Amino acid sequence: MINSIIVTNYLNEEIEMELRRPEKSGFLVERVEGIDPPKADINTTELATRDGALYNSARTISRNISLVLKYYSLDPSVSVEDLRQKSYRYFPIKKKVTIKFLSDNRECYTEGYVESNEIDIFSKNVGCVISIKCPDPYFYDLVKTTTLLGSVVSEFEFPFSNESLTENLIELSSILVGGLINVQYDGEAETGAVFKVHMIGPAENITIYNYITLESMVFHTDFLSTWDPAGLVAGDDLIISTLRGEKYVRLLRDGVYYNVLNGFDLDSTWLQLKKGENIIGFSATSGASNLQISIEHHTMYEGV
């Protein structure tokens, strides 16, 4: 069950509409439409020599969210006109808004643009119908998930005891070269991620790969030699984003971002996280022990 809806306008002003306490916001949420799984366009080709059609491709189309609200106030000093103009403030036409849905099982959000704010001013029960066009049809978890994949793995645990006086049995950390980690993804649609590679020393020709799908991303450090013969050095951050509509390869050095997309191998695949297990690993032609990798992603949902 949906407990509340939080709307943030383009000025970062926020209003929370609690379904059980409409007097707090002044809006009674009567109905919400368009938060179920979106529709898909299935493209096929009719054939003259066989029954049926040939499947070509499929895509998820954008969604429309409709909020049916009634003006509601227990404060006699707050008029219907005040609440009507309040809706103009939080649902400005053609402006971008963020809508968060807080339910019993999940807390997620999506972004869209206000298409219309229809009001029947002369109705007995005055309210409005807000239409929001969302180009991205998916919902995203409010909290990002970060997975660390580094060359140094913590081993320190309590309680501990070194049972030998001559041999070191306790490991505070261990160094791995080309390690693997399982990124568990529980979303309902494939998603990209932001792969951040931090250098604690020099490294060359970095590869990040998915052990299950055999897909990989390769960054050639030779490209950097045109403006820095040292290539990747300690303190650098190589950031690869595989998010839909936000794909990029950047180098962060001394607080400045550089576009290093030309170092990305043409045969590389922009890695996506699939539902279930994703075994991610890394390697380098040299300096693999100097890499610390974090994988950051949002869980994507088809509907609330």
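The values are calculated or read from the model by the stated rules, or taken from the named source; none is laboratory data. Everything numeric here is computed off the predicted structure, so don't read it as measured data. Note that we place each Cβ from the backbone using ideal geometry, even for glycine, and neighbour counts take in every protein chain shown. Note: accessible area is taken over every heavy atom of the protein model, side chains too, but ligands, DNA and RNA are not part of it. Shrake-Rupley method; radii C 1.70, N 1.55, O 1.52, S 1.80 Å.
A few points about this structure:
- Gap separating the Cα centres of region 206-254 and region 1-46, nearest whole Å: 38 Å
- One chain, two ends: T213 and L252. Fully extended at 0.36 nm per residue, the span grows by 11.1 nm beyond their Cα-Cα distance.
- Selected from L224, L243, L271 as most flexible by GNM, with the chain as the system and alpha-carbon contacts under 10 Å: L224
- Folded to 0 to 90 degrees: helix 80-90 orientation relative to the chain principal axis, Cα: 20 degrees
- Straight-distance candidates among the lysines for linking to K95, with alpha-carbon spacing under 21 Å and chain neighbours fewer than 8 residues away dropped: K86, K133.
- Table column - 3J(HN,Hα) (Hz), region 191-208, Karplus curve with 6.51, -1.76, 1.60, x for Gly and Pro: 9, x, 8, 10, 9, 10, 9, 9, 9, 9, x, x, 8, 10, 6, 8, 10, 10
- Over the chain: helical MRE at 222 nm, DSSP H runs n ≥ 4 each giving -39500 (n - 2.57), nearest 500: -1500 deg cm²/dmol
- Taking the Cα centre of the chain as origin and assigning +1 to Lys and Arg Cβ atoms and -1 to Asp and Glu Cβ atoms, the resulting dipole is close to 1240 debye.
- Stretch gain in nm, segment E188-L266, where the contour uses 0.36 nm per residue and the Cα spacing is subtracted: 25.2 nm
- Dipole of the chain, positive end: most advanced residue of T45, V32, S283 [Cβ charges, Cα centre]: V32
- Of the GluC sites (Glu not before Pro) in region 6-87, those whose Cβ has at most 16 other Cβ within 10 Å and which sit in DSSP loop: E13
- Summed over the residues of the chain and divided among them, the accessible surface reaches 57 Å² per residue at a probe radius of 1.4 Å.
- Once the chymotrypsin sites (Phe, Trp or Tyr not before Pro) in DSSP loops with at most 13 neighbouring Cβ atoms within 10 Å are cut out of the chain, the longest remaining piece is 11-121.
- Expressed as a whole percent, the accessible surface of the chain that belongs to carbon and sulfur atoms is 50, based on a 1.4 Å probe.
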